[in-house]
Amino acid sequence: MIALAQLLAVALLLTSLPAGLRGATTRTRYDTKAIRSRFSEDPGRIINGTEASLGATRHQVGIRKALNDGYFFGTGHLCGGSLIRPGWVLTAAHCFVDQIIYDGTFVPKEEFIVVMGNLDRYNRTNTLTFTIDERIMQLDIFDLTTYDKDIALLKLNDTVPTGHPTIRPIALARFAIAEGVVCQVTGWGNREDGYVSDILMTVDVPMISEEQCINDSDLGHLIKPGMICAGYLEVGEKDACAGDSGGPLVCQSELAGVVSWGIKCALPKLPGVYTEVSYYYDWILKNMGEDANGEGSGEGSGDNGSGEGSGEGSGDNGSGEGSGEDGSGGGDGGDGGGAMAAMAGTLTLLLPGILALRLMATQF
């Protein structure tokens, strides 16, 4: 009887726990058919955002259809992206899905160009245009029912010159962003009033924890590993929307997310969903030929700048420097250089005494 009572007590306790904590899948009234990319038949828009500043968005790029842009500069805009190294861009894999067949197959990379350098996508001033030399993704056919592994790494046909006035790579977020941190999403397209904005727009959205997004939003079981949520659960109001796909979610001057998908736009209980950069951090660096625990480069593009760490450093434990607009960061120097400096200082102090003793010895 006692054993039976204990079993009943444990069962009662388990059923009282939230579904996410007891290992069950949190179902919602939405299914995979409701998932929409952040580009679709509707033109893009940042909901209730403001015009972006160049100083904080120099990493922003536009993925464009080469044919359309060839007719009139700016009309080929399709997706956003982020410059993470002088010759590398990070964006969303679904940006390259064939929108006519719409079976998850990808359009050849030769049909796209990457443009960067100006807030106004119709203005050529200071802009650079690249073709895609290599497109690296985690799948051959995109799963349009889940938007899983929605990440694409693009190697450009050339690199951005050092010191370009309006373009600078952004550092990658190596670790997950804490709940409540306010981040910025940027993109081009229609505003909430229906008018088309030629200028890059930005909106602030707070990070939502994985547990809260799964259990408290209407997305529930649709959230997969490598996805993060950001937005306002209770009131909606602000969000990225159609047309902002592939663009950056920037948290504390680092690239934390890639705009991926959502259900409608800026509605309560339906936050935006982003590909989590820290989840794919090692994969990104490996495919760029970098060591996740060692070398790397990438500069902050915010007003205050932030460095991710670069170069090989010096000395036995050499470390690189991070640099932003204000030139922050610094190297450790290494034990080798420090030991040599200490020895040189000691010899400098002892040398006069040694010479004096030798002089006295010659006089006697």
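How much of the accessible area of the stretch 58-156, probe 1.4 Å, is carbon plus sulfur, in whole percent?
Percent of accessible area from carbon and sulfur atoms in the stretch 58-156: 51.
Tell me the net charge near residue 143. Cut-off is 12 Å between Cβ atoms, residue 143 excluded, with +1 for each Lys or Arg and -1 for each Asp or Glu.
That sum, taken over residues with Cβ under 12 Å, equals -2.
Stretch residue 158-residue 175 to full length: gain in nm at 0.36 nm per residue minus the Cα-Cα span?
So the extension gain works out to 3.2 nm.
Could you work out how far apart the two model spin labels at residue 110 and residue 67 are, taking each label as a point 7 Å from the Cα in the direction of the beta carbon, and quote it in nm?
1.3 nm
Leaving out ligands and nucleic acids, note down the accessible area per residue over the stretch 58-156 with a 1.4 angstrom probe, in whole Å².
About 39 Å² of surface per residue is accessible.
Given +1 on the Cβ of Lys and Arg, -1 on the Cβ of Asp and Glu, and no further charges, what dipole in debye does the stretch 58-156 carry about its Cα centre, rounded to the nearest 20?
Approximately 520 debye in magnitude.
Is there a pair in 149/269; 149/264; 65/269; 109/224; 65/149 whose C-alpha atoms are over 30 Å apart, and which pairs would that be?
Long pairs (Cα-Cα over 30 Å): 65/269.
The values are calculated or read from the model by the stated rules, or taken from the named source; none is laboratory data. Quantities reported herein were computed from a predicted structural model and do not represent experimental measurements. Here Cβ is always computed from backbone atoms with ideal geometry, including for glycine, and neighbour counts include all displayed protein chains. What goes into the accessible areas is simple: the full protein's heavy atoms, side chains included, and nothing from ligands, DNA or RNA. Shrake-Rupley method; radii C 1.70, N 1.55, O 1.52, S 1.80 Å.
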